[in-house]
Amino acid sequence: MTTEDIQSPICAPKREKMQQSAGKAKASVFWDAHGIVFIDYLEKERTINSDYYIALLHRLKDQIAEKRPHL
């Protein structure tokens with residue numbers, strides 16, 4: 001090994017350019033043994049509070065009655 005080998009810089013790996021994310025989405029998904037029953041996508045900037053959750057459960061109940069009438 002020579003002094004040139006010891007002092008030679010180590011090449012850092014090149015980083016790939018970052019791409020902007022398509023964004024995030026919040027979804028509530030309800031399923032059973034037969035598959036997905038109901039999906040609800042939360043609007044941007046909205047939070048899940050009690051009023052939202054109560055309305056969500058009412059819509060879920062309607063979807064279950066429609067998609068799984070035998071239950």
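Can you tell me how many residues within the stretch 20-34 are surrounded by 11 or more Cβ atoms within 10 Å (Cβ to Cβ) and either within 13 Å of the chain's Cα centre (by Cα) or not aromatic (Phe, Trp, Tyr) (or both)?
3
Filter the stretch 35-71 for residues that are surrounded by 10 or more Cβ atoms within 10 Å (Cβ to Cβ) and in a strand (DSSP E or B); which is farthest from the chain's Cα centre (by Cα)?
37
FYI, it's all coordinate maths here, none of it is from the lab. Because the structure is a prediction, the values reported are computed rather than measured. Neighbour counts are summed over all protein chains in view; Cβ atoms, including those assigned to glycine, are modelled from backbone coordinates with ideal geometry.
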